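Working notes for the structure below.
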Amino acid sequence: ADTGDGWWARPDMDVEATRRTRASIVARARFVEDLVLAEAGRGVDQYLVLGAGLDTFAQRRAADAVAAGLRVFEADRAGAVAWKRRRLTELGYGVPDWLTPVPVDFEGDWWGQLAAAGFDPRRPAVVASAGVTMYLTEDAVAVTLRHIAGLAPGSTLVTTFLRPVEDVEPDQQEQLRVAQRGARAAGTPFLSFYAPERMAALAREAGFRDTRHVPAEELADRYFAGRTDGLRPSRGEEILVART
């Protein structure tokens with residue numbers, strides 16, 4: 001959506017202050033995409049993106065042999081879905097028949113809207129929820145986890161979560177506070193923070209048979225090794241992988 005003039009001057013857009021936060025976003029995007037392609041490679045043919053925003057997987061991977069068999073469902077707020085659909089049309093991409101935008105309210109009763117849009121909970125799926133849980137209440141997160149845990153065996157969830165400020169590296173804590181203030185000012189406050197143990201416990205309580213915490217250190221070793229500038233992602237946001 002339109003961010004208005006002067007967005008680049010906001011404290012949460014400061015290039016130097018946000019270096020490690022941006023590294024975390026890049027790392028999570030790469031990790032999610034690697035996992036989705038791996039699942040597609042073993043035959044999973046449904047990909048559900050929660051809080052899809054401006055995700056471009058469907059556009060970038062349209063000709064990819066591995067991703068070609070995926071049907072992609074993008075769930076997000078109605079306004080975001082409508083804006084993105086309009087922009088895809090304006091830019092000449094359109095919405096192919098294997099890409100299905102689904103307007104939802106994650107705090108409401110939204111799961112049935114996916115089935116109505118063609119998503120089949122009886123077949124395995126890979127579900128990605130990146131940069132979403134912090135905007136939801138813990139009750140909404142728990143309900144979402146239960147829905148996904150009820151998918152067909154062989155389904156996989158990859159989700160990110162924000163750690164509490166006191167769990168973040170000391171030099172990154174103020175940046176997280178700046179991000180919190182920015183989110184609140186934008187009308188989309190951060191509502192939920194989780195220690196890794198708590199996030200894993202919520203997933204197990206929801207019914208997932210297997211969970212794995214992916215710490216920032218693992219992402220750094222995988223994607224940032226050998227950099228001459230020493231850039232590494234912050235542990236402010238980390239990843240959980242859960243399987244049914």
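The values are calculated or read from the model by the stated rules, or taken from the named source; none is laboratory data. Here the structure is a predicted model, which is why all the values come from computation and not from measurement. Methodologically, a virtual Cβ is constructed for each residue, glycine included, from the backbone with ideal geometry; neighbour enumeration extends over all protein chains shown. The area values use the complete protein model at the heavy-atom level, side chains included, leaving out ligands, DNA and RNA. Shrake-Rupley method; radii C 1.70, N 1.55, O 1.52, S 1.80 Å.
So the values come out like this:
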quantity	calculated
Hits in the stretch 88-100 - residues which are open to solvent by less than 60 Å² (accessible area, probe 1.4 Å) and either in contact with a Pro (Cβ under 6 Å, 6 or more places away or on another chain) or not β-branched (Val, Ile, Thr) (or both)	Leu88, Gly94, Pro96, Leu99
Those residues of the stretch 101-129 which are under 17 Å from Arg77 (Cβ atoms) and open to solvent by less than 20 Å² (accessible area, probe 1.4 Å), in sequence order	Val102, Val104, Trp110, Leu114, Ala128, Ser129
So Ala200, is it at pLDDT 95 or above, under 27 Å from Ala38 (Cβ atoms) and not charged (D, E, K, R)	yes
The stretch 59-82, subset within 19 Å of the chain's Cα centre (by Cα) and closer than 19 Å to Pro124 by Cα, residue most open to solvent (accessible area, probe 1.4 Å)	Arg71
Residue selected from the stretch 66-79 under the condition out of contact with any Pro (no Cβ under 8 Å at 6 or more places or on another chain) and part of a helix (DSSP H, G or I), by the criterion nearest to Gly131 (Cα to Cα)	Gly79
One residue from Ala201, Ala179 being open to solvent by 10 Å² or more (accessible area, probe 1.4 Å), within 24 Å of Val126 (Cα to Cα), among the hydrophobic types (A, V, I, L, M, F, W, C) and part of a helix (DSSP H, G or I)	Ala201
Subset tally (residues that are in contact with a Phe, Trp or Tyr (Cβ under 7 Å, 6 or more places away or on another chain) and not β-branched (Val, Ile, Thr)) for the stretch 24-46	4
Condition met for Ala63 (part of a loop (DSSP other than H, G, I, E, B), within 20 Å of Thr144 (Cβ to Cβ), aliphatic (A, V, I, L, M) and at pLDDT 80 or above)	no
Residue within the stretch 223-243 that is open to solvent by less than 10 Å² (accessible area, probe 1.4 Å), touching a His at 6+ places or on another chain (Cβ under 7 Å) and among the hydrophobic types (A, V, I, L, M, F, W, C) present	yes
Scan of the stretch 153-169 for residues that are under 16 Å from Arg122 (Cβ atoms) and either open to solvent by 10 Å² or more (accessible area, probe 1.4 Å) or touching a His at 6+ places or on another chain (Cβ under 6 Å) (or both), ordered by number	Pro153, Gly154
Test result for Gly150, out of contact with any Lys or Arg (no Cβ under 6 Å at 6 or more places or on another chain), in contact (Cβ under 8 Å) with a residue 40 or more places away in the chain and more than 19 Å from Ala52 (Cα to Cα)	yes
Any strands (runs of 3 or more DSSP E) falling wholly within the stretch 96-175 and containing at least 1 residues that are in contact with a helix residue (DSSP H, G or I) (Cβ under 8 Å, 6 or more places away or on another chain) and over 19 Å from Val214 (Cα atoms)	99-103
